[in-house]
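The values are calculated or read from the model by the stated rules, or taken from the named source; none is laboratory data. On a predicted model such as this, the values are computed, not experimentally measured, just so you know. Reconstructed Cβ throughout: ideal geometry from the backbone, glycine too, with neighbour counts over all protein chains shown. These area figures cover heavy atoms from the full protein model, side chains too; ligands, DNA and RNA do not enter into them. Shrake-Rupley method; radii C 1.70, N 1.55, O 1.52, S 1.80 Å.
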Amino acid sequence: NVSDLQSVKKYLKVNYVKPNKAYSGVAKGKNVMVIHLESFQQFLIDYKWKGKEVTPNLNKLYHAKNTLSFANFYNQVGQGKTSDAEMMLENSLFGLQSGSAMSSYGTSNTFESAPAILKQQQGYTTAVMHGGAGSFWNRNNAYKQFGYDYFMPLSYYENKPKYYIGYGLKDKIFFSQSIKYIERLPQPFYLKLITVTNHYPYDLDKKNQSIAKTETGDETVDGYVQTARYLDQAIGQLMRWLKKTGLDKNTMLVLYGDHYGISGNHHKASAELLKQDEFNNFDNLKFQRVPLMIHLKGLRGGVKKTYGGEIDVLPTLLNLLGISNKGTIQFGHDLLSKDAPQIVAQRNGDFITPKYAKVGSTYYDTKTGQEIIKPDKKLKTELIALSNKVTTQLSLSDRVIAGNLLRFYKPKWFKKVKPQDYDYNEQKA
Ligand code: GP9
Ligand code: MN
């Protein structure tokens, strides 16, 4: 009820951090192109296999002087996987403890999402393109609640058996067919492109394999570098097109990995990939790092060490776009803020900070990776406080979603999104 919303508001007010002024509005009025890198982990950046970079295009982008890159950026998804990542990026709300928030609440809940904010505040046209089924993760309904003007799923694309693998069109085909839609989008636009080829089980047709499989002997792991390479090439192709058309000059690219590609069931193979003797639960926590890169002509970039996660993307972007998130129901913080709290929650209550980490009931020293066996009283209190902070944050976010609390939230500057205003007309255009 309304009083639940009051407690959430109070919590967010107390924990608010001021965004970094030096970056406020530096991307104002620019197009925003969010590229969802399916199952793409941070360790792939600069990773070499048999002497060759696996992802040369993304590596170049990662190190470019006009790219803000985050070396300690974590995925925070739960069972909702891709949809949890989307939920966090669009709303700065966590996915749920079990199931998918987008599936369970995406049809009926009120949201105050990125596309609606950008539309209302700065006249953006908003769209999602994805070479997979529109109903997957309930996107066709949830995007209406988020206020997306357009959603182009698979039905908008020419499909042939050889174009398609796993969950959708192969990324290169998806991007090249998306061009005609991107060209027609009124600017400024906020566009999300959801890739899918780098998805378990990492199958790829021979013709598109341009790097050898790894040799851990773990079947579910060894194809990963091949599909990651393919995704990288697709990105390279898209970036060349952006440059050719000049769109790169007024478009901010935001690339992020949604979640792990190699699950915690493959410790042995993971150790081998990382050339480590062992791979423990703490290594697996660090394995949850995914890339976040924000690229724009003229942007003052660099590789940032700040600890953060998917929940923080929206506040960071809004600041870059010159939109204040003060008073909003967002659980993340501007990653560029000097006061960023740097406590990264995992959906199960595990966490990592620059100093400490928790997996299950075990605490670790983040710097050394050593277990903290017998913390003194002061440290123990500090660790428990961190742990409580994480659980509070998660459970308040859960309350917002399970209680549909945003329906009570009526700031002067925001008009409630009406899903019936949108019709994605799932037919070939
Ligand atoms: C399918 C895709 C996959 O449309 O987004 O979702 P995932 O299995 O990664 O959650
Ligand atoms: Mn995914």
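Kindly indicate whether any position in the stretch 147-163 is open to solvent by 40 Å² or more (accessible area, probe 1.4 Å), closer than 16 Å to Gln420 by Cα and not in a helix (DSSP H, G or I). Among the residues of the stretch 147-163, at least one is open to solvent by 40 Å² or more (accessible area, probe 1.4 Å), closer than 16 Å to Gln420 by Cα and not in a helix (DSSP H, G or I), which makes the answer yes. Of all residues in the stretch 240-260 being within 16 Å of ligand 2 (Cβ to nearest atom) and open to solvent by less than 10 Å² (accessible area, probe 1.4 Å), which is nearest to Thr216 (Cα to Cα)? Selected residue: His259.
Each row is one residue, and each column tells you yes or no for (1) at pLDDT 95 or above; (2) within 16 Å of ligand 1 (Cβ to nearest atom); (3) polar (S, T, N, Q); (4) open to solvent by less than 10 Å² (accessible area, probe 1.4 Å).
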site	(1), (2), (3), (4)
Gln41	yes, yes, yes, yes
Asp46	yes, no, no, no
Lys50	yes, no, no, no
Asn57	yes, no, yes, no
Ser69	yes, no, yes, yes
Met87	yes, yes, no, yes
Gly99	yes, yes, no, no
Met102	yes, yes, no, yes
Phe111	yes, no, no, yes
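Screening the candidates Ala114, Ala133 for the property of being in contact with a strand residue (DSSP E or B) (Cβ under 9 Å, 6 or more places away or on another chain) and in contact (Cβ under 8 Å) with a residue 40 or more places away in the chain yields one hit, Ala114. Going by the structure shown, is Tyr307 within 16 Å of ligand 1 (Cβ to nearest atom) and either open to solvent by less than 10 Å² (accessible area, probe 1.4 Å) or in contact (Cβ under 8 Å) with a residue 24 or more places away in the chain (or both)? The answer is no for Tyr307. Of all residues in the stretch 184-201, none are open to solvent by less than 10 Å² (accessible area, probe 1.4 Å), away from ligand 2 (no atom under 16 Å from the Cβ) and β-branched (Val, Ile, Thr). Out of Lys243, Lys297, Lys249, Lys275, one residue alone is basic (Lys, Arg) and within 21 Å of Gln41 (Cβ to Cβ). It is Lys275. When Gln237, Gln233, Gln276, Gln226 are screened for being of a type in the set (S, T, N, Q), without any contact (Cβ under 8 Å) to a residue 40 or more places away in the chain and open to solvent by 50 Å² or more (accessible area, probe 1.4 Å), only Gln276 passes. Of the candidates Pro161, Pro153, the single residue that is in contact with a His (Cβ under 7 Å, 6 or more places away or on another chain) and modelled with pLDDT of 95 or more is Pro153. Taken over the stretch 379-425, the residue count meeting the criterion of being under 25 Å from Asn281 (Cα atoms) and either open to solvent by 30 Å² or more (accessible area, probe 1.4 Å) or in contact (Cβ under 8 Å) with a residue 40 or more places away in the chain (or both) is 15. Any residue that is among the polar types (S, T, N, Q), within 16 Å of ligand 1 (Cβ to nearest atom) and either in contact (Cβ under 8 Å) with a residue 24 or more places away in the chain or open to solvent by 40 Å² or more (accessible area, probe 1.4 Å) (or both) - is there at least one of those in the stretch 15-22? No. The set of residues in the stretch 1-36 that are out of contact with any Leu (no Cβ under 9 Å at 6 or more places or on another chain) and part of a helix (DSSP H, G or I) comprises Ser3, Gln6, Lys9, Lys10, Lys13, Val14, Lys21.
Checking each residue in the stretch 207-223 for being at pLDDT 95 or above, closer than 17 Å to Thr197 by Cβ and open to solvent by 10 Å² or more (accessible area, probe 1.4 Å) picks out Lys207, Asn208, Gln209, Ser210, Ile211, Lys213, Asp222. A single member of Asn348, Asn325 is touching a residue at least 60 places away in the same chain (Cβ under 8 Å), closer than 15 Å to Leu12 by Cβ and under 26 Å from the mean Cα position of the chain (by Cα), and it is Asn325.
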